[in-house]
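*Asks:* The structure is given below, and queries will be raised subsequently.
Any read-out appearing in this document is the output of simple, stated calculations on the displayed coordinates, not a laboratory observation. All values derive from a computational prediction rather than experimental measurement. No Cβ is skipped: glycine too gets one built from the backbone with ideal geometry, and neighbour counts run over all protein chains shown.
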Ligand code: NAI
Ligand code: MG
């Protein structure tokens, strides 16, 4: 298979971990006889420094013509005082919008020998393996009007969805559930919100199309509790933008390390954007100690969701687990009797695992 991938390293440790993803993809290409070509572009602070804008047209253009996009992270203290149109995060929001990335997927899995890193008791978190599917381009964050009124003394925000916007994200979630354990939890607030009532109706209608998926509806407040008390209950969770924002951040702390969590953002045409959940980590940037696993697992998601290369994706995931199982870990993780390594050594361990397994 021949694919063209745009790399957007961004800032801070983004620049370091993107190299790890590239090394792993090159190893996969070699072992499985694929051809991956790479093209690097600027985004965020790096783009501000070079072009005076966080999202140059050339970057948007390259992404639109790519088969998929891998992004490191953006931001850093250097640009914190900039006016809002010259903030690195603008680049991130801009590229999500330009590619119409309406579906955000975040898998969250308790890695085996790292369980004590979780704030939850080991027997509670053990075995949890869930996927949050969040609607990313509609709802409260984009609805109009959103404004101050009466001399600033009253405000309005709007939670708006169309049938079509709900249908496409619900379909994505059902498909994801089919490829996993076949359980879908739709999270809403249908006891209060009109938008949630339509959401629930559409999920009910779609059930017939996916008879192999078991569906339940859970109110968002109950879902927030259940994530903490019984995370193994969940397989796939689908929800609207703001609920998904909050629940995915809640879920991301369950496993105890930001450095292990990947994400995928998808559109209709399949040009996905894949990035770690963590930011640019200015406190450790340039030191060669960043955990590359979240970025490497993001590359695995790219193989699965944009290219349909499930065996290759699984190989990367097994390799990352294999390196951790063998006791190797970066400084952000604590492993009993483990051996601490840097970014490049961790990457090499994963690459070597792939080479010996194939
Ligand atoms: P952060 O995720 O960059 O860092 C939080 C803490 O986790 C830090 O102590 C950091 O060293 C550690 N950490 C994060 N990823 C790690 C990794 N792969 N390996 C080892 N340790 C890791 O979040 P923070 O500090 O709130 O934000 C820093 C900058 O990143 C800010 O400019 C922020 O705006 C930006 N940011 C960008 C995101 C993105 O590009 N998607 C997401 C979140 C923040
Ligand atoms: Mg958030």
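*Asks:* Taking only the alpha-carbon atoms of the range 58-137, what semi-axes of the equivalent ellipsoid follow from 5 times the gyration tensor eigenvalues under a square root, in whole Å, largest first? Intermediate values should be presented prior to the final figure.
*Replies:* Values: eigenvalues 216, 70, 27 Å².
Over the Cα atoms of the range 58-137, the ellipsoid semi-axes are 33, 19, 12 Å.
*Asks:* Quick one: Debye curve from the alpha-carbon atoms of the range 27-93 only, equal weights, vacuum; give me log10 I(q)/I(0) at q = 0.22 Å⁻¹ to two decimals.
*Replies:* Each listed q corresponds, in turn, to -0.87.
*Asks:* So, one more: Can you report the principal axis dimensions of the range 237-279 using only the alpha carbons, biggest first, rounded to whole angstrom?
*Replies:* 34, 22, 17
*Asks:* Let me ask something additional. Fewest Cβ neighbours within 10 Å first, please rank 78, 15, 112, 22 accordingly. Walk me through the intermediate numbers first.
*Replies:* Values: 78 14, 15 18, 112 11, 22 21.
Lowest to highest Cβ neighbour count: 112, 78, 15, 22.
*Asks:* Looking at the chain as a GNM with Cα springs under 10 Å, which of 84, 186, 248 has the largest mean-square fluctuation?
*Replies:* It is 84.
*Asks:* Where is the GNM fluctuation largest for the chain (alpha-carbon springs, 10 angstrom cutoff): 258, 309, 105?
*Replies:* Taking springs between Cα atoms under 10 Å, the residue moving most is 309.
*Asks:* Here is a further query. Taking the number of other C-beta atoms within 10 Å as the exposure measure, put 13, 18, 284 in order starting with the fewest. If you can, show how the numbers build up before the last one.
*Replies:* Numbers: 13 30, 18 26, 284 18.
Ranking 13, 18, 284 by Cβ neighbours within 10 Å, fewest first, gives 284, 18, 13.
*Asks:* Can I ask one more? Defining a contact as two alpha carbons under 8 Å apart and six or more residues distant in sequence, what relative contact order in percent does the range 274-349 show?
*Replies:* Working: 84 pairs, mean separation 23.8, N = 76.
About 31 percent, as a whole number.
*Asks:* Hey, what does the equivalent ellipsoid look like for the chain, semi-axes from the Cα gyration tensor as sqrt of 5 times each eigenvalue, largest first, whole Å? Mind dumping the intermediate values first?
*Replies:* On the way: eigenvalues 190, 135, 86 Å².
So the equivalent ellipsoid measures 31, 26, 21 Å along its semi-axes.
*Asks:* Moving on. Using a Gaussian network model on the chain with a 10 Å cutoff between Cα atoms, which of 11, 23, 283 fluctuates the most?
*Replies:* Between 11, 23, 283, it is 283 that shows the largest mean-square fluctuation.
*Asks:* Related question: Relative contact order (percent) for the range 129-253, with alpha-carbon contacts under 8 angstrom and 6 or more residues of separation?
*Replies:* Values: 193 pairs, mean separation 48.1, N = 125.
Reported as a whole number, the value is 38 percent.
*Asks:* How large are Rg and Dmax for the range 309-352 when only the alpha carbon atoms are used, in Å?
*Replies:* Expressed in Å, the Cα Rg and Dmax of the range 309-352 come to 10.9, 35.
*Asks:* On average over all directions, what projected area in square nanometres does the range 223-312 have, based on the convex hull of its Cα atoms?
*Replies:* Details: hull surface 29.9 nm².
Averaged projected hull area, Cα only: 7.5 nm².
*Asks:* May I pose another question? Please report how far the C-alpha centroid of the range 205-236 lies from that of the range 306-345, rounded to the nearest whole angstrom.
*Replies:* Computed from Cα coordinates, the inter-centre distance equals 29 Å.
*Asks:* Rg/Rh for the range 129-253: what does it come to with C-alpha atoms and Rh from Kirkwood? Write out the running numbers ahead of the final one.
*Replies:* Details: Rg = 15.3 Å, Rh = 15.1 Å.
Reported Rg/Rh (Cα atoms, Kirkwood Rh): 1.01.
*Asks:* Starting from the Cα of residue 318, step 7 Å toward the Cβ, then list every residue of the range 19-49 with an amide N under 15 Å from that point.
*Replies:* Counting only backbone N, you get 28, 31-32.
*Asks:* Would you order 334, 90, 148, 200 from fewest to most other beta-carbon atoms within 10 Å of each residue's own beta-carbon?
*Replies:* Details: 334 13, 90 21, 148 10, 200 17.
Starting with the residue having the fewest Cβ neighbours, the order is 148, 334, 200, 90.
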